[in-house]
Structures are given as C-alpha cells and as structure tokens.
Amino acid sequence: MKKILLCLLSLLCLSARADEGMWVMGNISEKTDSVLRSLGLELSPEELYSTETPSLNDAIIQLGGFCSGVVVSDEGLVFTNHHCGFDAIQDHSTPKHDYLKYGFFAKSYEEELPNEGLYVLFHIKTVDVTDLILGAVPAGAGKWESDSIIDAVSRQLMEMVDYSGKGIESEVNPFYKGSKYFLSVYQRYDDVRLVYAPPQCLGKYGGDTDNWMWPRQTCDFSVFRIYADKDNNPAEYSKDNVPYHPRKYAHVSTQGYYEGSYAMTLGYPGSTDRYLSAYGIENTMRTTSDGRYQVRGVKLAILDESMKQSDALRIMYASKYASSSNYWKFSLGQNTALDNLKVIDEKQKTERELLAWAMEDTVARGRYIGITDSLKAIYQEEYDTNYGYTLWVESFYSGSDILNFVLRNMLRSRDDFKERVEKAYRDIDVATDKKVFLAMLTNYLQHIPNERYALSALQHKVDSIYGGDYNKFVDDLYAKSIFARPDELKEVDDFAELGEDPMVDVTADVISVLYTAIMRGGSRAEAFERVLGDGIREMNHDKEFYPDANFTMRLSYGLCKPIDFAPGTTGLKEEATEMITSPRSFLNKHEQNPNEMDFELIPSVYKWMKSGKFSKQYIDRRSGQLPLCFLTTNDITGGNSGSGMFDGKGRLIGLAFDGNWEAMSGDIKFDNALQRCIGVDIRWVLSVIDDYSHAKRLIKELTIE
Ligand code: ARG
C-alpha cells in the first residue's frame, strides 16, 4: 500500500512539475522526451536536435553573449527582442536619426547596419564528458588539485574537437555545480547587421513601470541579419559579405495557440540557482539583492535627471540606464517574491527531510548530516565579504564610467588604447559622470560593513587636503584628471603614459580594497552547496533533475496558460487574468497615464493602434483581436530573452521576453501556479512590420504558415 501510494505521489509530483526545467539540448532523456510528446510536441527527437541532419536546433542562436534569437529566413534574418538589440539601436541613433524613438527599417541590404563586436553562435552539439573529467580526479583530491585537473582535462577535450570548419568554438561547462560536465561546440558568425527596429514606444512599451510584470503590451522585438563570406562561411565584417544561408530556419505560424496547447522555448537561459540552500537564499537576499537595489537606486536617479536634459543625453545613456534598471527592479522583485512565497521555509523543510533520510543510511549520514550547519557557519563568516563585494562592484565597477574605464585598463591588457578610449567615451558625459562618481563614493563609504573596506589613502587625502569635503575633492579630481578631458585623452597612445594622473591614484586605492578585503581565497560555500544538491538528488533518485541554467542551450516545454491567481486576489489590472493582451488594454494604459513617459506614444503609433488597421491574417480567430503578448508555463530567466517560442509542430508563435512579478523568485524556486513566461505574439510582430512600417521586403522573406 505504501509503495502504491508513493508511486502515485511521485506521479502526481511529476505531472505537477511538468513545466519546470531547462533541459540540455543534445542531452534530453527518453523520459523527458515522452513528457514533451504527451504534452503535444509532434516533432521527432531528430527534428528537434540532430548532429546529422538539419533540425530546429540549427535555427536557434545565441546573440552576443547576452541574449537568444531565432533565424527566420533562408537569407539569415534573425528575430530577437528589442531589449536585446537595444544597445545596437542606440549605437546607430543620433538626435537627427533617432532610431530609438522612431524605429529603423533598412529598405535594402545596403542599408542594413553593421554592429562592431556583435556576433551570433550556432549550437552544433553538446556531449556529456563527466566520466572523462571527474574520472581523472583522484579520490580525496583537495579543491586546488581537483580544479587544476578539471581545467587540464577540459582543455585536452576541447583540443580534440574538429576545428576544420570555420568559426568553430568549444567550451566545457560544469552542471549541477560541478557534479557533471558537458562539452558544447558552436559556430560563430561575426557580421551581424541591424535590419529593423520598431519605435521604442512599441518595443519598450510600458518601460520600467511594466518591466517584469504582467499584463504586458510590449512589442519587444528587433530584426538582424547574419552575413557570411561568398562560401557561406563566417567572416569579419566586409562590404562583400552576403546574407548567410542557414542549415535550417524557423517557419512562422499565424494560426496561434489556445489555452492548454503546447509551447516550448529554445534559447540560452543565463543563470539560475534552483538548488540553493535556505542559508544560501538568505545570503543572496541580504548581501546581493539589497545592496544592488540600494546602490543602483542612487545611480539611476542621477542618470534619469541627466537624460531629461537633452535628446543627446537621453540617447547616450539609454542602454546603460535600461540594463542597470532591469536588475535594479529585479532585485526588489526577487526579494519580495521570496518572502511572499515563503521560499526559505520550503527549502528548510526539504533540508530537514534530507537530514532525516540521511540518518537512516550510514553512507549518506557521513556525507550529508552536518551540511546545513556548515552552510550556516560559512555564510555567517562570509557575510561582510559578500555584501562588501556587491557594494564594491555596484559602486565602483558599475558606477562612474570613467572609473570603470581606468579600472579595466589597470586590471587587463592595454593594447588598442586609442580605440578603447574612442569607444568608451562615445557614451560618457563628463558632467553626469562626475555626479555619479561623487554619489557612488560617498554612498559606498556610508555603507561599508567594517573598516577593512575603507579607502584609507583616499579618505586620508580628503580629510587632510579638502577638510573632509568630498565635493571639493571630486571637483578637483575632475578638474585635474585627463580622464575627464576626452579630447586630450584621445591624443594619448598608451595607458602607461598616465601613471601620474590623479584618477589612476584613486583607482589604485579602489582596487587595493578588492584584494585586501574582498577576494581572499574565494567563497567556500559553493562546494558545500554542491554536496547539498547531490544529497537531494540522491534522496530523490527516481526523479529527473534538470541542471541550473548556465548560458548553454536549453529547451523548456510547457503549455499556453494564464496565471493561476489565488481566488479573491485584488488589485489586478485590466486583462491580468487573461492569457493574451489586446490593443484595448494597450490604448487604455496610454490614455489613463497621460503624464507617464513609459506609456507615451509617438503620433504615428497612436494613430495606427487607434485605427485598428491590422491585416486579417494576423487577427486571432478565437478572440477576433490582434493578439499582443501571451503567457506560457515555460521556464524562463535572463538570457532567454529573444528565445523562439514554438508550437507542437515546431512553428514560431512568439518571442519570449520576460517573467512576471508574482513569481520573481523564479531563479531560485519555480512556482507552478504563478510563474509564467511572457512572450510577444508573432502576429503582433508581423503586424508591426507589415501594417505599421509597410516593410514588405521582410515579410516576403518569411515562410508563413
Ligand atoms: N525584464 C526583461 C529581461 O530581463 C527585460 C525587459 C526589458 N524591458 C524594460 N523595460 N527594461 O529579460
């Protein structure tokens, strides 16, 4: 009886958890595959991923080391998010050609805009190399020894990859915090051009107000194209390059989906910590999120004020502001949801279960019994260091851009100095930067956990020379440093010539704290967290666990489904309980928030949305409306942005772009009732390209079903 009950329970668990997970492309088990099929996937395993024949895997790209995307035409056209293309769009924008505000459309190949440094990776294959790597580590090896063996074997394995094709790259990554290792092979293309961007009031509609939230009406997409040499091989940018012909491109579906229909995302989720201990969560909340939220709040207020001064400043800081505010709001949301959903309590319960289970098993007992006590002690001991690190990074590394520039030049190699100055200073306004520098410095000194984090030399100088007045000190610093005079700096050939500059002096002091107080031997928690994770997997050995996200290619499966708000939930906004949003709520948000910049519309967009002139083929049959954004139960985290969302036939139905506030604890704990993936419906994307911009040349390239 007990057995039957257990089986039943585990079955229930399985189906309840069916949508959680980011499964490794190239290593999907039969068990997981059968779940995909039972939910509605019609593609065969080979149509999904194959090293022999073209598969959907080949249409998915990793974009620039920070996002995902999908190839949608035989001419290498790529769909990704607007917020993924944001930096590139900003880069090409000027007050005269304001592509951020008004959008951009290349009317011919010649008008498509190259983007220095932007690349895409295609995933060729992933193989499990755990036995080769961990098999080489002798039992009882210490951390240093095992790290260096793992490193050496990984390098040997990477050397064995076939590099005869052009642009081939490989990488060995730890999974389950180092309990498993996979080798992935990619092909890299470096000529990626901007083809189309909607106006920001569509692509970023709702701005920070709506970021990380549902209901959403953001048309978060942009379009790029991959270029190759005449033989279709990767090549540096050249005028002579031609559109790339992919092994496979995704077909686009205008047939939509319905509640309960299959949906999956393919892309590159960046990082999750789903197996983190209760003490680990507490540590993240207090030492990372609280600190980040506090410091960024100070910095963002200064940028905001500057950006209101002119179009040039607004454009100059647009991308920096957006990426900083994205995780500023995230930090608040994650902590709030962790509290609301009582995630720590749940983790503690699991950890108590582990201890009880381990008590019954002599082998397990030795391994797991003291684990939570050890974690508690380590996190306590490392508290100041961890908080100090966040404070340091946020205040100095991500604070003033000038300080960041000097820091990077001191810490890393120094060639191409002139080019680097040119690039960094394109987006630096010295007056704004000075305000940020002062605020970050004083805020840092107010918040340091103890005297070890003091900037002794600098503080001494301010006290003795400037009578403790930080304003005067910073005034003087920015008056005297060449780093605050871009025109002169641009004439300098080598960073080494600037050793006497006062900014270099300050930076040296800032760096020394890093070495004396923060980076002392690295955290010990990771190794113990790994043991805890091993224990939980061992205790549940019949269950399949997916590894945490680590920016390798993953598949997440699920269903189209609205959020299961608890009955009686109050304060819900219009269409919050719907699965799809509509032009009505888009317009209402605009009309009801006349003074809110995040809902401002340029006249042409307002007129178009108001007119309701959307081509018939983009209207959803079931609702009779143009579908804007929609929800699925797919697992999502940062990095997934731009991931293709596919139906059971493997056709593109949307682009994933966000998660929702109710379940912002998602990187640590997936909540089945509340966690959703927010996508922009591909029919809205098409309607914007087609009906708003009349960019027929792009529509013609697609294969629309
Ligand atoms: N929260 C989204 C993500 O991290 C980014 C959305 C961008 N929109 C914005 N308003 N910043 O993937």
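The values are calculated or read from the model by the stated rules, or taken from the named source; none is laboratory data. This is a predicted model, so every value here is computed, not measured. Every residue, glycine as well, gets a Cβ built from its backbone with ideal geometry; the counts of neighbours run over all protein chains shown.
List of remarks:
- Residue check, residue 203 within 16 Å of the ligand (Cβ to nearest atom) and at positive phi: no
- Only listed residue being of a type in the set (S, T, N, Q) and either surrounded by 22 or more Cβ atoms within 10 Å (Cβ to Cβ) or more than 29 Å from the chain's Cα centre (by Cα) (or both), chosen from 672, 595: 595
- Among the residues listed as 78, 35, the single one being out of contact with any Pro (no Cβ under 6 Å at 6 or more places or on another chain), crowded, with 18+ Cβ neighbours inside 10 Å and modelled with pLDDT under 95: 35
- Residue 201 meets each of the listed conditions (1) assigned to a loop (DSSP other than H, G, I, E, B); (2) closer than 27 Å to residue 586 by Cα; (3) not β-branched (Val, Ile, Thr) apart from (1).
- Just so you know, in region 426-457 the residues that are hydroxyl-bearing (Ser, Thr, Tyr) and surrounded by 15 or more Cβ atoms within 10 Å (Cβ to Cβ) include one that is modelled with the lowest pLDDT, and it is 453.
- Considering each residue of region 308-318 in turn, none proves to be within 17 Å of residue 400 (Cα to Cα), among the β-branched types (Val, Ile, Thr) and either away from the ligand (no atom under 16 Å from the Cβ) or surrounded by 19 or more Cβ atoms within 10 Å (Cβ to Cβ) (or both).
- Selection status of residue 168, at pLDDT 95 or above, aliphatic (A, V, I, L, M), buried (at least 17 other Cβ atoms within 10 Å of the Cβ) and away from the ligand (no atom under 16 Å from the Cβ): no
- Among the candidates 656, 673, the residue that is out of contact with any strand residue (DSSP E or B) (no Cβ under 7 Å at 6 or more places or on another chain), touching a residue at least 24 places away in the same chain (Cβ under 8 Å), on the phi < 0 side of the Ramachandran plot and of a type in the set (A, V, I, L, M) is uniquely 673.
- Failed condition for residue 181, given (1) in contact with a Lys or Arg (Cβ under 9 Å, 6 or more places away or on another chain); (2) outside any loop (DSSP other than H, G, I, E, B); (3) more than 28 Å from residue 697 (Cα to Cα): (1)
- Evaluation of residue 185 against (1) away from the ligand (no atom under 16 Å from the Cβ); (2) surrounded by 24 or more Cβ atoms within 10 Å (Cβ to Cβ); (3) more than 16 Å from residue 82 (Cβ to Cβ) (one fails), failing number: (2)
- Restricting region 337-347 to residues that are assigned to a helix (DSSP H, G or I) and farther than 13 Å from residue 666 by Cβ, the residue that is farthest from the ligand (Cβ to nearest atom): 345
- Residues of region 18-50 classified as under 27 Å from the mean Cα position of the chain (by Cα), assigned to a loop (DSSP other than H, G, I, E, B) and over 21 Å from residue 656 (Cα atoms), total: 5
- Leading residue by the ranking (farthest from the ligand (Cβ to nearest atom)) among those in region 207-225 that are surrounded by fewer than 23 Cβ atoms within 10 Å (Cβ to Cβ) and either among the basic types (Lys, Arg) or in a loop (DSSP other than H, G, I, E, B) (or both): 213
- For region 154-175, taking the residues that are part of a loop (DSSP other than H, G, I, E, B) and out of contact with any Phe, Trp or Tyr (no Cβ under 8 Å at 6 or more places or on another chain), the one that is nearest to residue 119 (Cα to Cα) is identified as 166.
- Figure legend. Inter-residue proximity from region 86-99: first residues farther than 14 Å from residue 117 by Cβ, second residues among the hydroxyl-bearing types (Ser, Thr, Tyr) and part of a loop (DSSP other than H, G, I, E, B), beta-carbon distance below 6 Å, spacing 6+ or different chains. Indicated pairs: 99/93.
- In summary, residue 554 fulfils each of the numbered conditions (1) out of contact with any Pro (no Cβ under 9 Å at 6 or more places or on another chain); (2) over 23 Å from residue 393 (Cα atoms); (3) among the basic types (Lys, Arg) with the single exception of condition (1).
- Screening residue 334 against (1) among the polar types (S, T, N, Q); (2) over 27 Å from residue 176 (Cα atoms); (3) within 16 Å of the ligand (Cβ to nearest atom); (4) buried (at least 18 other Cβ atoms within 10 Å of the Cβ) leaves a single unmet condition, (2).
- Matching option when the condition is within 16 Å of the ligand (Cβ to nearest atom) and not in a helix (DSSP H, G or I), among 117, 69, 140: 69
- Identification of strands (runs of 3 or more DSSP E) wholly contained in region 543-655 with 1 or more residues that are away from the ligand (no atom under 16 Å from the Cβ) and either modelled with pLDDT under 95 or not hydrophobic (A, V, I, L, M, F, W, C) (or both) yields 554-559.
- Set 665, 641, 582: member being of a type in the set (S, T, N, Q), surrounded by 18 or more Cβ atoms within 10 Å (Cβ to Cβ) and more than 24 Å from residue 545 (Cα to Cα): 582
- Residues of region 493-504 classified as in a helix (DSSP H, G or I) and surrounded by fewer than 17 Cβ atoms within 10 Å (Cβ to Cβ), total: 2
- Selection status of residue 301, in a helix (DSSP H, G or I), of a type outside the set (Asp, Glu), more than 16 Å from the ligand (Cβ to nearest atom) and surrounded by fewer than 21 Cβ atoms within 10 Å (Cβ to Cβ): yes
- The residues on offer are 691, 658, and the sole one that is out of contact with any Pro (no Cβ under 8 Å at 6 or more places or on another chain), over 23 Å from residue 40 (Cβ atoms) and within 15 Å of the ligand (Cβ to nearest atom) is 658.
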